[in-house]
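Right, one structure below, let's go through it.
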Ligand code: A2P
């Protein structure tokens, strides 16, 4: 049953005119059963972007949650991603069909190359395969995940560009080199683990001070830090109160000073997976 959502996230328009919600639900590491439950609840609450992946092994649950919610398919922006074994023009057609089958959908809104896997060196072919899916109407937008400037450059050299690049980004991981390229090329920045997995970052004085001033939680302040810069964060929560809290993070504005103080938490060489080495 669908309740009336208290709020919907505003949208950003991608390079091809498709509207993407400016905040969504991350589903890693939910299993099918949890994803089904949480996705249905989140959609009824007002979430309109759901992020999954072949590698999360929960696309079936995500599809179930979609159907269980009262929200019409066309109002939801569904993102999925595929693994390196499919990095070829033909392979990507199969990967997409398999995801659609697991999700129980006939199109996805955004398909991403999950990791570049430069050792395999076939991410350009994978991207070309997604262009074909776009033309066939099986996906409404295409993008990359965990691409660094050098990986993106390979696409630019062929006159190609993702609509979105989803990267590990939070106040400790400012990623200014990648974000700069996105800004120059009109690529939307999507932030994974936007809350720093709710670790020590949410206790940082700069974040707590802003939270106190605005009467918000630390998580809401961090999400607003993302959205005020035009980033699309996809916080994962399985908890109803935190789901609601994360969605309700638009109704206030951080000052320039507050934004700068939070951005100053950026670390030199923060711990993170290196997409030149790690991938699946
Ligand atoms: P839970 O699912 O119990 O809410 P990230 O998206 O940065 O990877 O962070 C996900 C982690 O942050 C999860 O452990 C999630 O736990 C927790 N989390 C999500 N939203 C909030 C929130 N508003 N406040 C505190 N912790 C949160």
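Brief remarks on what is shown
- Of all residues in the range 177-193 being near the ligand (Cβ under 10 Å from one of its atoms) and not in a loop (DSSP other than H, G, I, E, B), the one that is nearest to residue 259 (Cα to Cα): 191
- Within the range 239-264, the set of residues being over 16 Å from residue 226 (Cβ atoms) and touching a residue at least 40 places away in the same chain (Cβ under 8 Å) comprises 240, 243, 244.
- Hits in the range 94-112 (condition: touching a residue at least 40 places away in the same chain (Cβ under 8 Å) and either over 25 Å from residue 24 (Cα atoms) or assigned to a strand (DSSP E or B) (or both)): 109, 110, 112
- Residue match in the range 162-173 (condition: assigned to a loop (DSSP other than H, G, I, E, B) and under 20 Å from residue 124 (Cβ atoms)): yes
- Scanning the range 209-225 for residues that are more than 13 Å from the ligand (Cβ to nearest atom) and either assigned to a helix (DSSP H, G or I) or buried (at least 18 other Cβ atoms within 10 Å of the Cβ) (or both) yields 209, 210, 212, 213, 214.
- Just so you know, in the range 226-261 the residues that are part of a helix (DSSP H, G or I) and closer than 20 Å to residue 183 by Cα include one that is farthest from the ligand (Cβ to nearest atom), and it is 256.
- Taken over the range 194-207, the criterion of being closer than 13 Å to residue 259 by Cα and within 13 Å of the ligand (Cβ to nearest atom) is satisfied by 207 alone.
- Scan of the range 181-222 for residues that are touching a helix residue (DSSP H, G or I) at 6+ places or on another chain (Cβ under 8 Å) and either within 30 Å of residue 160 (Cα to Cα) or modelled with pLDDT under 95 (or both), ordered by number: 181, 185, 187, 188, 189, 191, 194
The values are calculated or read from the model by the stated rules, or taken from the named source; none is laboratory data. The structure displayed is predicted, hence computed values, not measured ones. Note that each Cβ is placed from the backbone with ideal geometry, even for glycine, and that neighbours are counted across all protein chains shown.
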